[in-house]
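Following: one structure in structure tokens, then a few remarks.
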Amino acid sequence: AQLPREMSPGTSGQEPRRFSHEEFLALPTEQKQLLMRLRRHHYVDYFDHLVADNPTIHATGDISPSYAQLHGGSLRDIRIRLRRRGFTVKLIFLIRDPVDRIQSQLRLIRREGHVPELSRIADPDQALAMHYLSARCERHSRYEHTLAAIEAAFPANDVLVEFHERLFQPASHARLARFLKLDLPPPQLTKKINAAPGPRCRDNNLLRAIAHHYAPTYAACRERFGDQVEQLW
């Protein structure tokens, strides 16, 4: 998606013109997303209108692996802006054994064809050997960086770190409800959304190499979450 000419920064570097709340909401979704990156107040506008236009809605949220790339300053800015608009801001960070997460990410990438150089490789092990060392993979898999950014931006009682390996269980659903202080609807624990099935790595040496590469990530998680890491990963 591209921004219309009147929304884009000019050649002299000036910022795009300010859009009214109504003009912003009328834009297509992809243009909204691009403009939210250029003018952060539109980020808050977007979530505000989701609840303001319907008095029966008491909570809203957003989920994307891209949030894992943000520094503490950016997370803090998001929190401050939302709180000024009247939101109670809670952060949920889902983590998964890095070796498993990286394989899952690769299967999704190959299924969607987002990275042609990975999709063209017939052998999934060769694709994995290329993928796990890439900057794309590192940005989403170095939990120690994301956790440090979260800790710098949010008080501990506003953060829930949950393990993917135990996410789809009644106890996890109950933890989430208590954390959000919401009466959540019953979960559909057997329904899979956005699953990316595919062949798993056959090369155990490659899996050990990935685990060794992410040794600091495992160590940081063990330091924070103790025996849970050993039990689940």
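The values are calculated or read from the model by the stated rules, or taken from the named source; none is laboratory data. Remember, it's a predicted structure, so these values are computed and weren't measured experimentally. Positions of Cβ are backbone-derived with ideal geometry, glycine not excepted, and every protein chain shown enters the neighbour counts. Just so you know, the surface numbers come from the protein's heavy atoms only, side chains and all, with ligands and any DNA or RNA stripped out. Shrake-Rupley method; radii C 1.70, N 1.55, O 1.52, S 1.80 Å.
Observations, loosely collected:
- Relative contact order (%) - criterion: Cα under 8 Å, at least six apart; region: the chain: 21 percent
- Within segment 155-188, the trypsin sites (Lys or Arg not before Pro) that combine a DSSP coil assignment with at most 14 other C-beta atoms in a 10 angstrom radius are K181.
- Relative contact order computed over segment 86-165 (Cα-Cα under 8 Å; 6+ residues apart), in percent: 55 percent
- Rough spin-label spacing in nm, given labels placed 7 Å along Cα→Cβ, for S64 and V89: 1.6 nm
- Computed from point charges on the beta carbon alone (+1 for Lys and Arg, -1 for Asp and Glu), the dipole magnitude for the chain about its Cα centre is near 140 Debye.
- Added length on full extension, which subtracts the Cα-Cα distance from 0.36 nm per residue, S20 to E151: 43.7 nm
- In the assembled protein chains, K90 presents an accessible area of approximately 60 Å² (probe radius 1.4 Å).
- Label sites at L167 and I121, each approximated as a point 7 angstrom past Cα along Cα to Cβ, lie 2.5 nm apart.
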